[in-house]
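**Q** So that we are looking at the same thing, I have put the structure below in structure tokens.
Coordinate-derived values only; no laboratory data. Here the structure is a predicted model, which is why all the values come from computation and not from measurement. Note: ideal-geometry Cβ built from the backbone for every residue, glycine included; neighbour counts use all protein chains shown.
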Amino acid sequence: MGKYFGTDGFRGEANINLTVEHAFKVGRYLGYYYGKNHKARVVIGKDTRRSSYMFEYALVAGLTASGADVYLLHVTTTPSVSYVVRSENFDCGIMISASHNPYYDNGIKILNGKGSKLEAEVEEFIEAYIDNEGEEIPLATRENIGKTIDYAIGRNRYIGYLISLATRSFKDIKVGLDCANGASFSIAKGVFDALGAETYVINNNPNGLNINENSGSTHIEVLREYVLENGLDVGFAYDGDADRCLAVDDKGNIIDGDLILYICGSYMKERGELKNNTIVTTIMSNLGLYKALDELGIDYEKTSVGDKYVYENMVKGGYSLGGEQSGHIIFSKHAMTGDGILTSLKLMEVMLEMKMKLSDIIKDITLYPQILKNVRVTDKDLVQEDAQVKETVEKVAKALGDDGRILVRASGTEPLIRIMVEAETDEICNKYANEVYEVIKKQGYLLS
């Protein structure tokens, strides 16, 4: 990770550690970088945060000042930006979003001309320019100044693309959608309605301040209650920019990313669509998933946390399915990034083609109890290098043996240390997670 760019773009609190000056400079450099040999074309989307408009205008100013033409998708999802970039030959795409973070945070996600995450080398160039360490960039003049184009049609083409991927009608299926008051509010319901579903939607009234607030994939219990109260067949929850999806089955079971990989992976294997018989996971995936995949004879890869690393591994190995427990699922035949709405359509495909409910499809897999404790700290690197913290983690790992595991890692987007413990019971998970937490606290790393 760089000084400004983490695992998912440049993220921070709006006008605190991510400012309009930063956005302007990002735009200035991208317009210059992609416009060296031709007039650059850049497409921008944004989520529903109040600050997204502010950053959009700053990026546009920087891009057009460097001579780029800018196409605005307006409020839309991250995967829709990726789709438009690669299908309509843009030089790059920008999504203004802090994904699952609260409304006061925001981020600048940059996608290359293939629709995947920007190369680290280019991020380093941008960081140098932000810090006035890079080369001087000329301002465009006269007819070379860029222009801005309303490009809502690009979002509509993405919606049409999603609809075209469905294999069957959703008629008579009761589907619940939790849009997290985020970018999917203008897309998801229209897709499911067009496919014939009886669609029920919650948290689809964004006001700029309520994105992800007690809603969406980070608060899946809200959708779970809604599905059970209304007797729905299935529910899907997205995050702020809709690159994640978690589901709830008819019995209220929560279908996380690991279960989605199991459901779709086993289905794709049966149909001969699972390339190289391999699913790409991250180090956070549940032991129960690996045991289930072993029984099915499906191989797997493990990467660092972040859909960026999942996709890189998928490209390298030529794999067709990969994802994270958090709900970033990548179907490489159709997308270059995690796509929450696409993931929900793929789960619908499995249900309809197999003529089974999700609750029946997952009956043969048992996930280990797992706890994830997020600890706000003053310095993530110091915590991970602290001798007493490391000693405690090693002691816990030894105690768990083959019946569980512990993973302590730094968040790529927030000032957090994440303590994950898997074990045979919730009590054991809590016991060992708290042991590590208490050591971090004792060493004085907690952020007050």
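**Q** At what distance in angstrom do the alpha carbon centres of the stretch 1-77 and the stretch 405-428 lie from each other?
**A** 33 Å
**Q** DSSP loop (so not H, G, I, E, B), at most 11 other Cβ within 10 Å: list which GluC sites (Glu not before Pro) in the stretch 125-233 pass both filters.
**A** Glu133, Glu135, Glu136
**Q** So how many Lys-Lys pairs in the stretch 370-442 land under 15 Å Cα to Cα, not counting same-chain pairs under 8 apart?
**A** 9
**Q** Further question on the same structure: Could you work out [θ]222 nm for the chain from helices alone, using -39500 (n - 2.57) per DSSP H run of at least four and dividing by all its residues? Round to the nearest 500 deg cm²/dmol.
**A** That comes out to -12000 deg cm²/dmol.
**Q** Further question on the same structure: Would you work out if the chain is rounded, prolate or oblate? Take a ≥ b ≥ c from the square roots of the eigenvalues of the alpha-carbon gyration tensor; rounded if a/c is under 1.5, else prolate when a/b is larger than b/c, oblate otherwise.
**A** Oblate, since a/c reaches 1.5 and b/c is not below a/b.
**Q** Could I ask something else about it? Let me spell out the model: positive unit charges on the Cβ of Lys and Arg, negative unit charges on the Cβ of Asp and Glu, origin at the Cα centre of the chain. What dipole size does that give, in debye rounded to 20?
**A** About 920 debye.
**Q** Quick check on the stretch 52-132: take the gyration tensor over C-alpha atoms, sort the square-rooted eigenvalues as a ≥ b ≥ c, and tell me if it's rounded (a/c under 1.5), prolate or oblate.
**A** Verdict is rounded for the stretch 52-132.
**Q** Please work out the FRET efficiency for the pair Asp360 and Asp403, using the Cβ-Cβ distance as r and a Förster radius of 30 Å; give the result to the nearest 0.05.
**A** It comes out at approximately 0.60.
**Q** So which helices of the chain fit the span-like rule, where a helix is a whole DSSP H run, its Cα atoms reach 18 Å or more along the axis, and its mean Kyte-Doolittle is at least 1.0?
**A** Flagged H segments are 340-354.
**Q** Then there is this: Using the alpha carbons of the stretch 335-389, what is the convex hull volume per residue in cubic angstrom, as a whole number?
**A** Dividing the Cα hull volume of the stretch 335-389 by its residue count gives 182 Å³.
**Q** Which lysines have a Cα lying under 20 Å from the Cα of Lys171, excluding residues fewer than 8 positions away in the same chain?
**A** Counting by Cα, and skipping residues close in sequence, Lys171 has these lysines nearby: Lys189, Lys346, Lys355, Lys357.
**Q** Compute the signed sum of charges (Lys and Arg +1, Asp and Glu -1) over the other residues within less than 15 Å, Cβ to Cβ, of Leu18.
**A** -3
**Q** Need the list of lysines near Lys46 for cross-linking: C-alpha distance under 17 angstrom, and skip anything on the same chain fewer than eight residues off.
**A** Lys109, Lys117
**Q** Cβ under 15 Å from Asn374's Cβ, Asn374 left aside: what net charge do those residues give with Lys, Arg +1 and Asp, Glu -1?
**A** Net charge around Asn374: +4.
**Q** Assign one of three labels to the stretch 5-155, namely rounded, prolate or oblate, based on the Cα gyration tensor with a ≥ b ≥ c the square roots of its eigenvalues; rounded applies when a/c is under 1.5, prolate when it is not and a/b is larger than b/c, and oblate otherwise.
**A** Verdict is rounded for the stretch 5-155.
**Q** Same structure again: Among the aspartates and glutamates, which fall within straight-line cross-link reach of Lys36, defined as a Cα-Cα distance under 15 Å, with same-chain neighbours fewer than 8 residues apart omitted?
**A** Qualifying aspartates and glutamates at Cα under 15 Å: Asp69, Asp91, Glu135, Glu136.
**Q** So how much slack lies between Asn434 and Ala387, counting 0.36 nm per residue of separation and subtracting their Cα-Cα distance, in nm?
**A** Extra length from Asn434 to Ala387 when fully extended: 15.2 nm.
**Q** Relative contact order of the chain: what whole-number percent is it, with Cα pairs under 8 angstrom and at least 6 residues apart?
**A** Answer for the chain is 13 percent.
**Q** From the mean inverse distance of alpha carbon pairs (Kirkwood) and the Cα radius of gyration, derive Rg over Rh for the stretch 370-442.
**A** 0.95
**Q** As a test, work out the antiparallel percent of DSSP beta bridges whose residues both lie in the chain, rounded to the nearest 5.
**A** Given both bridge residues lie in the chain, the antiparallel proportion sits at roughly 55 percent.
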